[in-house]
Every structure is written in structure tokens, then in C-alpha cells.
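Peer 1: The structure that follows is given in the form of C-alpha cells.
The values are calculated or read from the model by the stated rules, or taken from the named source; none is laboratory data. Source: prediction; values computed, not measured. No Cβ is skipped: glycine too gets one built from the backbone with ideal geometry, and neighbour counts run over all protein chains shown.
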Amino acid sequence: MQQFLSKLSTKSPWLWLALGLVTVYISGLFIDVMDVDASQYASISMEMLQNGSWLQVQHRGVDYLDKPPLLFWLSTSSFSLFGLYNWAYKLPSLLAALAGVYGINRFTLIYYTPRIARHAAFLLASAIGLIVICNDVRTDTLLLGTSTCAVWQLAEYLEKNKWKYLIGGFFFIGLAMLAKGPIGLVISGFGIGTHLLLTGQWRQIFKWQWIVGLLVSAIVLAPMCWGLWQQFDLHPEKTVNDKTGVSGLYFFFWEQSFGRITGENVWRNDASAFYFIHVYLWAFLPWCLMLYLAFMEQLFKIRIKVKETWKRKEYISIGAFLLSFAALSASKYKLPHYIFITLPWAAVLLASYLNKIEETRQKMLRQWMVFYLSAGLGIIIAFLLPGFVFPTKNILIWVLMIVPLALLGWQVIKNPVPGDTDMLIQRGVFVSIFLGLVLNLFFYPRLLPYQSSRPIAEYARKNNIPADKMANFRRSSHALDFYNQDILEGFSDAEYVQKNANENGIFYIETDGVGREDLINDGVNLETLEGFNNFKVALLNTRFLNPARRSSALDTIYLLKILPSPVSAE
């Protein structure tokens, strides 16, 4: 790290690029949480703070069995220190992501030069996928940071054979498993195992010291396992996910992760095996096309000269990237953020490759060509957001966008294809900062008001509607729970809605248009207070992004005042 920091002098472009990336990440802290996943985890953390049940996780008052508890524990701790704010929920995950960037720098220093290590860190930190999951926080942000640090520590152990690195590696493996299950162990196994096999050190796989490491991970996992055993294994009569006899321990160690490959897990969308290749087009922007080209060149080389191709200083990054990519692609349920744990290893592979071909003019020229294509894609997206998706005539916004790009353009005109890898990565990081700031400071602040939860909560506070007097009917919004700072009661039967008003007095219902019509048709005594535009912002589509068609993509969420029936009042 000392070598890394020594390069960040006030005259170094690396310092200003690092500060630019930090600005991007900090700006994402204050953006509203998104339905469904991020807001659900924020509301669970809020509920944990309020009910004090840390080992037996509850979701809206019932037993929760899906994700491991590390995200909830850290966010709840942050809430207890700072209060129920967006940034307090996101802060622990952001710190974990930055730890992952630090870990990839330290890992790369073991096997490569400080220059390559610096490049790998900046490639990772500037990947748009990492910027996105530090805003739309899910368990994968923690998994990325902890699993990267785990592999770094284990690599140190392989090279230096010191106990502190073994303990550190398995400590982080325990945290990675607490973040998202056994995949936290698997990705480390893929990386370290591949390295030991391909370097002829396969006997080290059977070292007794690994058992000590597993015991360290077991100690880290012990509180969660105790809570799962008490909450579920001791109570087979409980109905969980429409099943009885559910073992919390079996679910955690097998069904939640491996069950998605075997088909035991109920979640499945049968996405294509090539799904994540498409995801990488934006998740590893602006480096995606460069990575694809690097792999194509390597595959072609394998066909010609296998031994020379696979002669490397380390194989950990290859195993952690390719085997994890393949395993996740075999899952019967895929979402874009699942593949983000491979981003650190893609950064190492690309950084080492670019520095290896730096003296090969033809190959560097090809990389510059594909870089300009992917960077150009990022710039086009950035300009489409204020120019088309959310059109603005604000001169200041356009000045702030055009001036830095004009400076970048001038640099490109003066020296379009430098042979220096430093210049290539610096320009890419600049584009990433530009796009990240447009997303966090312009796009998301205009997108998220279409998520009705925050406007409803603000309307309720403005009109002195008590949080404990609000409920929902045949729908739910975790973000509304969070911004209301209270878990809303849910109703599915109109009769019980009216009965509740008759027995407990006036209260307020959030529902959609169909729910409102059903309540009216069933004779519930109500007043419509306000209608709010609503769109599932995590599921962007072309209809919404087109301003001319946006209204057809919206639905309306209503806030209703439920009154006692006239007969009851008499």
C-alpha cells in the first residue's frame, strides 16, 4: 500500500482520479433505497433495531429465512450509531467494497509489480457495476469485499506460510459466508485450488492447517448457526416459505446456494447460460470490451501454443474468475448482481494482460480501439440521460458535462493512441467518474421519485398522519416501511379493513388502483387522499425511459383514509 500511496502525489493524475471515484461513491450514499431488495434489507435492519432480535431475524413480524444476517447486523449497528438514514444503511457496504479494492491491490502486489497492482485497483474501483451496488446495496456488496480480502490473505499465507494470514483468510471467509452463504467459501476454494493444482503444489491441498482455518470460519459462523438452529431446527412445526419441517442450517449450507443449481431452491428463472456475458457489457464498463478482446486473444493463443499461454505467476485470479463465472452461469436463477463477485478477478486479469502486451504495438492498438468503443458507449449513455430520458435545459448541468469531456477530447486529439497503459487506464477511469456522477447526481435523483414510497411517507409526515396508523392493502413496499420508520400492517380482506376502522378508529391504507376499486365495491367507508405515480425503478424498460411513452409505464398508488362505517359510528 505504501508504494500505491507514494504515487498519489498532488501532481499525480492518480490522486485526482482517486478523489473523483471517492466523490462518486459518497454521492451514492444519499440516494433513496430502491424496492425491492435494497429496501427490504433496509427495513429488516430497521426492524432488528426496533425489536432487538439479532440472532433470530424477523421480517414484518414473522420468521425470515433467505439471506444470511451480516448485512442486517452491520446496517443495524450503523442505524444505532447514526439513525435511520439512507447513508447509514449503505455505509457498511461501501466500506466493505473499498476494502475489496484495497484487498485486490494487496493481492496483486504479491505476484506482480506495484504498477500492475495500482492498475487492478483502479480497474475494479471504476467498474460501473461496483458503483451501482454501492448505491443499490444488497448482500453482494459485502460478499465482494470480504471474499476478495479472504483470497488476498490466503495468497499471503501460500507465499509466506504465516499463521496470521491463514487466520485472516478464514476469518474473511466466515464473513463472506455470513454475507451470502457458502459461495463465500467456494470462490476462495476455486482461486486457491486452481493455483495449487496448476503450479504442481497439489499436496498442499491436504495440509492439516486448513482444518484450523475452517475452525476459525466456524467460530465466525457460530452465532448465526445458533440462531438458525433455535429459530427453525428446534421448531419443525413452523411454516416457512409454504413448507414445514424446515431446517435453517440445511437451508443456509446447501439449499440457498447449491439448491439453485440442483433445482431444490424454489427460486428459478431459467435464464440463459450466457446471461452473465451480457451483464458484463455494463457491469465492467468501460473495460468490458477490452476484457472480451483479451480473452479472445488468449483463447486463440491456446490453440497455437498451450504451454506458453498458461505460464503465469499465479492462477488464483483465473480460477476465481472462470470457475465462479461458470458455477453462477449454471444456476437456475440468475440476477445481474450475482456475477459482481468476479469483478475483482477480472480487474487482475485485465491489468496483468495490458501490462504484458504494452510493448506490442499491434495488440495495444486493438485494445485502444475497443476501449474507445466501450468508453464511447459510456459517454453516450451519460448524455442520453439529461438529453433524452430526463430532458433538462439547465445550462449549468450541460456546462458541467461538456467542459470535462472537451478537456478529455483535447487530450485524445493530441495523443490518440499512446503506448502507455497508464494513459489508457487513466482515461477510462475519467469516463467512469463522469458516468458515475451523472448517474448519482442527475439520473437517480430524477428516477427515484417515481417510486411512490418516499412521496407517500413525506405526505404522511406533512399531514400529521401517525406512522402506526398506516397499513397496506394487497401490496407492500419495503421502502415505505423504511421511510415511514415503522412496519406497516398488511390487509388482504376488505371486511377486515372495515372491521379494523370500526374497532380502532380512523387509519390509512396504501394500495394500488385495483385494491382501491375492490375496497369501494365491498362498501368500505373511505376517502381518497392522494394518488402517487409509481414505477418499479429496479426494472427499467424502454417504455419508461422514453418520455413520450413514460405515462403508459406508470401505475397509481393511492393513500386512502379508512373511516368507521356509519352504522358503527351510531
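Peer 1: Across segment 405-422, what is the total count of residues that are of a type outside the set (D, E, K, R) and not in a helix (DSSP H, G or I)? Give the steps one after another, and end with the answer.
Peer 2: From segment 405-422, those of a type outside the set (D, E, K, R) are 405-413, 415-419, 421; that's our starting set.
Okay, now just the ones that are also not in a helix (DSSP H, G or I), so 415-419.
Matching residues across segment 405-422 total 5.
Peer 1: Considering only residues that are of a type in the set (Lys, Arg) and on the phi > 0 side of the Ramachandran plot, which ones fall in segment 459-497? Please lay out each step first, then the result.
Peer 2: Start the filter on segment 459-497 by keeping residues that are of a type in the set (Lys, Arg), which leaves 461-462, 469, 474-475.
The one that is of a type in the set (Lys, Arg) and on the phi > 0 side of the Ramachandran plot: ARG474.
Peer 1: I would also like to ask the following. What is the number of the single condition among (1) of a type outside the set (Lys, Arg); (2) surrounded by 15 or more Cβ atoms within 10 Å (Cβ to Cβ); (3) over 16 Å from LEU130 (Cα atoms) that LEU437 does not meet?
Peer 2: LEU437 satisfies every listed condition except (3).
Peer 1: Where residues in segment 195-216 are polar (S, T, N, Q) and touching a Leu at 6+ places or on another chain (Cβ under 7 Å), which of them is nearest to ALA176 (Cα to Cα)? Outline the logic, then answer.
Peer 2: First, the residues of segment 195-216 that are polar (S, T, N, Q): 199, 201, 204, 209.
Next, only the ones that are touching a Leu at 6+ places or on another chain (Cβ under 7 Å) stay: 204, 209.
Numbers: GLN204: 23, GLN209: 20 Å.
In this case the residue turns out to be GLN209.
Peer 1: When PHE122 is evaluated against the numbered criteria (1) in contact (Cβ under 8 Å) with a residue 60 or more places away in the chain; (2) over 17 Å from THR421 (Cβ atoms); (3) of a type outside the set (Gly, Ala, Ser), which criterion, by number, is the only one it fails?
Peer 2: Result: PHE122 fails condition (2) only.
Peer 1: Give segment 108-138 a look and list any residue that's of a type in the set (Val, Ile, Thr), surrounded by fewer than 24 Cβ atoms within 10 Å (Cβ to Cβ) and assigned to a helix (DSSP H, G or I), or say none. First the steps, then the outcome.
Peer 2: Of segment 108-138, the ones of a type in the set (Val, Ile, Thr) are 108, 110, 113, 116, 128, 131-133, 137.
Adding the requirement that they be surrounded by fewer than 24 Cβ atoms within 10 Å (Cβ to Cβ) leaves 110, 113, 116, 128, 132.
Across segment 108-138, the qualifying residues are ILE110, ILE116, ILE128, VAL132.
Peer 1: Got a number for residues in segment 545-559 being crowded, with 16+ Cβ neighbours inside 10 Å and either part of a loop (DSSP other than H, G, I, E, B) or touching a residue at least 60 places away in the same chain (Cβ under 8 Å) (or both)?
Peer 2: The total comes to 3.
Peer 1: List the helices (runs of 4 or more DSSP H) that sit entirely inside segment 12-102 and contain at least 3 residues that are of a type in the set (S, T, N, Q). Steps first, please.
Peer 2: Working: elements: 13-29, 37-51, 70-82.
Those helices (runs of 4 or more DSSP H) span 37-51, 70-82.
Peer 1: Hey, can you tell me all the residues within segment 43-74 that are charged (D, E, K, R) and buried (at least 19 other Cβ atoms within 10 Å of the Cβ)? Lay out the reasoning, then the answer.
Peer 2: Taking segment 43-74 and keeping what is charged (D, E, K, R), we get 47, 60, 63, 66-67.
Result: GLU47, LYS67.
Peer 1: Among PRO236, PRO182, which is in the same structural domain as LEU328 (by TED's automatic domain parsing) and in contact (Cβ under 8 Å) with a residue 24 or more places away in the chain?
Peer 2: Details: PRO236 fails: in contact (Cβ under 8 Å) with a residue 24 or more places away in the chain.
PRO182 is the lone residue from the list that is in the same structural domain as LEU328 (by TED's automatic domain parsing) and in contact (Cβ under 8 Å) with a residue 24 or more places away in the chain.
Peer 1: What are the residues in segment 464-475 that are free of Cβ contacts under 8 Å to residues at least 40 places away in the same chain and of a type outside the set (Lys, Arg), if any? Give the derivation first.
Peer 2: Let us first name the residues in segment 464-475 that are free of Cβ contacts under 8 Å to residues at least 40 places away in the same chain, namely 464, 466-469, 471-472.
Matches in segment 464-475: ASN464, PRO466, ALA467, ASP468, ALA471, ASN472.
Peer 1: Additional query: Filter the helices (runs of 4 or more DSSP H) completely within segment 318-388 down to those with at least 3 residues that are in contact with a Gly (Cβ under 7 Å, 6 or more places away or on another chain).
Peer 2: Numbers: elements: 324-329, 343-356, 361-384.
Output list reads 361-384.
Peer 1: What number of residues within segment 33-49 are modelled with pLDDT of 95 or more and closer than 14 Å to GLN485 by Cβ?
Peer 2: The number of residues fulfilling the criteria is 8.
Peer 1: Next question, about the same structure. Identify all residues within segment 66-94 that are farther than 21 Å from PHE340 by Cβ and among the polar types (S, T, N, Q); write none if there are none.
Peer 2: Scanning segment 66-94 gives THR76, SER77, SER78, SER80.
Peer 1: I need the full set of residues from segment 75-90 which are surrounded by fewer than 21 Cβ atoms within 10 Å (Cβ to Cβ) and not polar (S, T, N, Q), in order please. Spell out the reasoning first.
Peer 2: Within segment 75-90, the first condition is being surrounded by fewer than 21 Cβ atoms within 10 Å (Cβ to Cβ), and the residues that meet it are 77, 79-88.
The answer is PHE79, LEU81, PHE82, GLY83, LEU84, TYR85, TRP87, ALA88.
Peer 1: Between a residue in segment 356-368 that is at pLDDT below 85 and any residue that is among the small types (Gly, Ala, Ser) and in a loop (DSSP other than H, G, I, E, B), which pairs come within a Cβ distance under 7 Å, given they are 6 or more apart or on different chains?
Peer 2: That search, which allows pairs on different chains as well, returns GLU358/GLY419; ARG361/GLY419.
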